[in-house]
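Here the structure comes first, spelled out in structure tokens, and everything after it is commentary.
The values are calculated or read from the model by the stated rules, or taken from the named source; none is laboratory data. All figures in this text were calculated on a predicted structure; none of them were measured in a lab. Methodologically, a virtual Cβ is constructed for each residue, glycine included, from the backbone with ideal geometry; neighbour enumeration extends over all protein chains shown. Surface accessibility is based on the protein's heavy atoms, side chains included, excluding ligands, DNA and RNA. Shrake-Rupley method; radii C 1.70, N 1.55, O 1.52, S 1.80 Å.
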Amino acid sequence: MTKGKVDALLGIVFGDEGKGKVVDFFTPRYDVVARFAGGPNAGHTIIFDGKKFVLRSIPSGIFDEGKTNIIGNGCVIAPDLFMAEARELEAAGYDIAPRLHISRRAHLILPTHRVLDRAYEAAKGKNKVGTTGKGIGPAYSDKAARVGLRVGDIEENFEEKYRALKERHEQILRDLHYTDYDIAEEEKLWMEGVEYMRRFKLSNTEAEINRALTEGKSVLAEGAQGSLLDIDHGTYPFVSSSSTTAGGVCTGLGVAPNTIDRVFGIFKAYSTRVGSGPFPVELFDETGETLRRIGHEYGAVTGRNRRCGWIDLVALKYAIMINGVTDLVMMKGDVLDEFETIKVCTAYKKGDEVVTEMPYDTEGYEAVYEELPGWQTPLTEIREEKDFPPAFSAYIAYLEKQLAVRISIVSVGPDREATIIR
């Protein structure tokens, strides 16, 4: 029997590219869909049959009854938020417990982690990272400090372990003089979430995935956030707290590097970023506001305005390199329909210095642009490549030449049907 392979589907810039829609589109091709990093700061939006779902921790393959969905060991889970998300799906008619497995090795986000998140951000003053406040960074900090609680801990002597970690957090908060908080109601709901999680299969998912591969089954690894938010390779310190690149697939699921076959890199036809940090292509003018309005660029989880700009080839080339991207997926080409001219960032400039490779720190750099003609034709109803406006086909060809990777899939609208395979 031929051994199965893992394909990775990653956001390769700052996240918010539309990964949920693409995973949902891809799911019929795979036996297993697995999340390998991040937590409820993700907001994977899926629209089909006139219905809209926003998934935070649950993999985007959950709507297919015949698939196994896995929350891997590289993830962090908030039981109360997980319960709310799962109940929304159940209320919509999806029986998710039989098709969702959770790694015992995934770490738990406690209510006090969320308080710590707020306290740490407050202590930074003007240098705030711009976290979602979900407690994700502090949970990963506890993981690295080897004091965290894992999903498997809820199976035995849990309250004692919980109390010990909570007391540790409370001492840190006292040391920070951050004592004006009340988590009594939140904690009650959190404990209800812990009990709710016991309904699901809590398993050694790394063994489960590798058994599936041995049986010749296919696995889709679903990324969260984006490559430039990776804790090692992103725009540190304005990053997430997990490994969001292709390397995170191995550590976050327990699979070997030689099991990874194709790496799909998802990007928008323009650029967005949420939170703080350098963003050389950011537009503060009417063009930036137009991109935000047409693209509905507001966080699916936080509702925050996304910072908008033209596409950034310096960032994209860097992300393609560190991920080994084999196929590109371009989202939201339709957002650019109205523009007479479209700009493409090909380099960064600071003073007399011009660079085409991602620098150690992009603070203070400005974008250097080339201009291309727009297509000024609606794309949303197009379903075949042969119907693309010539200028849109030229835009795709230009990007492929610059990035040296084929754009295999083009999305021209939010619905799963508005997805064209080339």
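Using a 1.4 Å probe, how large is the accessible area of His296, given in Å² and rounded to the nearest 10?
130 Å²
Return a whole-number percent for the relative contact order of the stretch 57-162, with Cα pairs under 8 Å and 6 or more residues apart as the contact set. Before the final figure, lay out each step's value.
Details: 136 pairs, mean separation 27.6, N = 106.
Relative contact order here is 26 percent.
Just want to confirm a number: the relative contact order over the chain, from Cα pairs under 8 angstrom separated by 6+ residues, in percent.
Numbers: 929 pairs, mean separation 86.6, N = 422.
In percent, rounded to a whole number, it is 21.
Using the Cβ atoms and a cut-off under 13 Å, what net charge is assigned to the surroundings of Ala78, where Lys and Arg are +1 and Asp and Glu are -1?
Numbers: positive: Arg56, Arg114, Lys134; negative: Asp80, Glu85, Asp117, Glu186, Glu187, Glu192.
Around Ala78, the surrounding residues sum to -3.
What's the local net charge at Thr205, with K and R +1, D and E -1, over the other residues with C-beta under 13 Å away?
Values: positive: Arg35, Arg104, Arg105, Arg150, Lys201, Arg211; negative: Glu206, Glu208.
Summing Lys and Arg as +1 and Asp and Glu as -1 gives +4.
Under the Karplus relation 6.51 cos²θ - 1.76 cosθ + 1.60, θ = phi - 60°, what is the ordered set of whole-Hz ³J(HN,Hα) values for the stretch 167-174, x standing for Gly and Pro?
5, 4, 5, 5, 5, 4, 5, 5
Taking the Cα atoms only, what angle lies between the long axis of helix 184-197 and the longest principal axis of the chain, rounded to 10 degrees?
80 degrees
Which whole-number percentage describes the relative contact order of the stretch 255-362, with Cα contacts under 8 Å and a sequence gap of 6 or more? Don't skip to the end; give the middle numbers.
Values: 145 pairs, mean separation 37.3, N = 108.
Relative contact order here is 35 percent.
Which ³J(HN,Hα) values, rounded to whole Hz and listed in residue order, are derived for the stretch 109-114 from phi using the Karplus coefficients 6.51, -1.76 and 1.60 in 6.51 cos²θ - 1.76 cosθ + 1.60 with θ = phi - 60°, glycine and proline given as x?
Each residue's phi maps through the Karplus curve to give 9, 8, x, 5, 4, 5 Hz.
Where does each of Ser241, Ser57 land when they are ordered by accessible area, with a 1.4 Å probe and the largest first?
Values: Ser241 40, Ser57 5 Å².
Output order, biggest surface exposure first: Ser241, Ser57.
Can you give me the % of accessible surface on the chain that is carbon or sulfur? Probe 1.4 Å, all protein chains present, nothing else counted.
Values: 8530 of 17970 Å².
It is 47 percent, rounded to a whole number.
Compute the accessible area per residue over the chain, keeping the other protein chains in place, probe 1.4 Å, unit Å². It would help to have the intermediate numbers written out before the result.
Values: 17970 Å² over 422 residues.
Here the residues of the chain average 43 Å² of exposed surface.
Restricting the count to DSSP beta bridges whose residues both fall in the stretch 203-337, what percent are antiparallel, rounded to a multiple of 5?
On the way: 5 of 10 bridges.
Around 50 percent antiparallel, to the nearest 5.
Could you name the lysines whose alpha carbon sits less than 29 Å from that of Lys217, not counting residues in the same chain fewer than 8 places away?
Hits, sequence-local ones excluded: Lys3, Lys5, Lys19, Lys21, Lys67, Lys201.
Please give the helix 205-214 orientation as an angle from the longest Cα principal axis of the chain, in degrees from 0 to 90, rounded to the nearest 10.
50 degrees
Straight distance only, please: which lysines reach the Cα of Lys134 with their own Cα at less than 19 Å, same-chain residues fewer than 8 apart left out?
Reachable lysines: Lys124, Lys143, Lys166, Lys188.
Could you please report the charge total around Arg99, scoring K, R as +1 and D, E as -1 over all other residues with beta-carbon less than 15 angstrom from its beta-carbon?
On the way: positive: Arg35, Lys67, Arg199, Lys201, Lys217; negative: Asp24, Asp31, Asp64, Glu65, Glu85, Glu90, Asp95, Glu208, Glu222.
In short, -4.
Mind listing the long-range amide H neighbours of His101? Cut-off is under 5 Å, sequence gap 5 or more, other chains count too, H placed in the peptide plane at 1.01 Å from N.
Asn69, Ile70, Ile71
Take every DSSP beta bridge whose two residues both sit in the chain, then give the antiparallel share in percent to the nearest 5.
Numbers: 25 of 61 bridges.
So the antiparallel bridges in the chain amount to around 40 percent.
I'd like the Karplus ³J(HN,Hα) series for the stretch 17-26: coefficients 6.51, -1.76, 1.60, θ = phi - 60°, whole numbers in Hz, and an x wherever there's a Gly or Pro.
Going residue by residue, I get 7, x, 4, x, 4, 6, 4, 4, 5, 7 Hz, with x marking Gly and Pro.
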